[in-house]
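The values are calculated or read from the model by the stated rules, or taken from the named source; none is laboratory data. Computed from a prediction, not measured in an experiment: that's the story for all the values here. Methodologically, a virtual Cβ is constructed for each residue, glycine included, from the backbone with ideal geometry; neighbour enumeration extends over all protein chains shown. Ligands, DNA and RNA are stripped out before the accessible areas are found, and what is left, the full protein with its side chains, is counted by its heavy atoms. Shrake-Rupley method; radii C 1.70, N 1.55, O 1.52, S 1.80 Å.
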Amino acid sequence: MDARPIGVFDSGLGGLTAVRVLRRILPEENLVYFGDTARVPYGGRSRETILRYARQDLRFLRSFDLKAALIACGTVSTTSLDVLQAENDLPIVGVVEPTCRRALAVTKNRRVGLIATLASVRSGAYEAALRRLDSGVEVLCRPCPLFVPLVENGRFRPGDVVIETVAREYLAPLLEWGMDALILGCTHYPLLEEVLSAVCGPGVALVSAGEESAFELKRLLTARNLRAPAGGKGEAEFYVSDRSEDFEGAASLFLQEDIHHMARRIDIDQY
């Protein structure tokens, strides 16, 4: 048993998809979340810049004496996970492998689509993982650079003509190709699930990176006997690198609980 907290970080709001699942499946665990809202999005940055940001994010979280960390950022997971795991002496889970395993479990025609940031698509990490797990799978990737800034600005609800137009344009080649499973390869994208489902139709299964990584972390903690004592109720702390008020409004909506006056701003450049 281990009551130390789990650290979770992302470039902004997206990692809250993982936090929401973690709070449901591991209610006894303490969580510390950092959203790098001053530097979102990461997806268009160079690999060197992304790694520098990720190192700072993890150094900040490690000041809380973590027992494990979840990188709830597809861009960091696809470009920097192996380096971060090699540099740190604690379990670190990314979003790629567990998400790919789930996508292969739900596809029937073995045509898997992927939408992600430009950096994640360029990395080829999802494609490599899928083909390592199933050499016969077909994969088609589509970078969606407008999704993260639109989500961060609250443009993710059905009926919003802007996000619906962008989603149709991004998904058209994947639907024409005939995918029957779609990996949401950025943890911001589950906020768009209603919009994406409407565009894709019932024949396409959506696979959320945030949700699958949360279940992977639960398996890891159980295997290493790092779970918190059962029966307790864990606490969550939220930190951001820009205005906490902007984060709290959207975070409360997405987590479906009031976190106003709970998020704190920190200077990430100190780490």
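If I build a Gaussian network model for the chain, linking alpha-carbon pairs within less than 10 angstrom, which residue out of A251, A236, A105 has the largest mean-square fluctuation?
For the chain, modelled as a Gaussian network with Cα springs under 10 Å, the answer is A105.
Roll a 1.4 Å probe over the protein chains and send me the accessible area per residue for the chain in Å². Please list the in-between numbers first.
Details: 11520 Å² over 271 residues.
Accessible area per residue: 43 Å².
Which of the lysines could be linked to K67 by a straight reach, that is with a Cα gap under 27 Å, when you skip same-chain ones fewer than 8 residues away?
K218, K233
Ignoring ligands, DNA and RNA, what percent of the accessible area of the range 53-147 is carbon or sulfur (1.4 Å)?
Whole-percent figure for carbon plus sulfur exposure: 47.
Residue separation times 0.36 nm, minus the C-alpha to C-alpha distance between D269 and R59: what's the value? It would help to have the intermediate numbers written out before the result.
On the way: separation 210, 0.36 × 210 = 75.60 nm, distance 1.07 nm.
Stretched fully, the D269-R59 segment lengthens by 74.5 nm.
Report, by chain and number, residues whose modeled amide H sits under 5 Å from the one on V240, excluding near sequence neighbours (fewer than 5 apart, same chain).
Here the answer is G35, R264, R265, I266, since their amide H atoms fall under 5 Å of that of V240.
How many angstrom separate the Cα center of the range 112-139 from the Cα center of the range 32-108?
Spelled out, the Cα-based centre of one part sits 17 Å from the other.
Name the long-range amide H neighbours of N30: under 5 Å, sequence gap of 5 or more, or other chain; modelled H, no Pro or chain starts.
Amide H neighbours of N30: I6, E235.
Work out the charge dipole of the range 1-41 with +1 on the Cβ of Lys and Arg and -1 on the Cβ of Asp and Glu about the Cα centre, then indicate which of G12, L22, Y33 is farthest towards its positive end.
The one lying farthest along the dipole's positive direction is G12.
Just to confirm a number: summing +1 for Lys and Arg and -1 for Asp and Glu over residues other than M179 whose beta-carbon lies under 14 angstrom from that of M179, what do you get?
On the way: positive: K108, R110, R111, R142; negative: E127, E138, E176, D180.
Here the charged neighbours net out to 0.
Please report the relative contact order for the chain, taking Cα pairs under 8 Å with a sequence separation of at least 6, and give it as a percent rounded to a whole number. Write down the numbers at each step before the final one.
Working: 541 pairs, mean separation 77.1, N = 271.
Over the chain, the number comes to 28 percent.
To the nearest 500 deg cm²/dmol, what mean residue ellipticity at 222 nm is calculated for the chain from DSSP H runs of n ≥ 4 alone, each contributing -39,500 (n - 2.57), summed and divided by the residues?
Numbers: 11 runs with 124 residues, N = 271.
Estimated from H runs of four or more residues: -14000 deg cm²/dmol.
Can you work out ³J(HN,Hα) from phi for every residue in the range 81-91, in order, using Karplus 6.51 cos²θ - 1.76 cosθ + 1.60 and θ = phi - 60°, giving whole Hz and x for Gly and Pro?
For the range 81-91, the Karplus curve yields 4, 4, 5, 5, 5, 5, 8, 10, 9, 9, x Hz.
Could you tell me how many degrees, from 0 to 90 and to the nearest 10, lie between the Cα long axis of helix 209-223 and the main elongation axis, the longest principal axis, of the Cα atoms of the chain?
Around 50 degrees separate the two axes.
Can you list the residues, at least 5 places off or on another chain, whose amide H is less than 5 Å from the amide H of G12, using H built in the peptide plane?
Here D36 satisfy the definition.
Quick one: angle between helix 161-177 and the longest Cα principal axis of the chain, in degrees between 0 and 90, rounded to 10, please.
60
Would you mind pulling out the separation of the Cα centroids of the range 228-243 and the range 158-195, in Å?
Cα centroid of the range 228-243 versus Cα centroid of the range 158-195: 31 Å apart.
Helix 244-255 sits at what angle to the longest principal axis of the chain, using alpha carbons and giving 0 to 90 degrees rounded to 10?
Once rounded, the angle reads 60 degrees.
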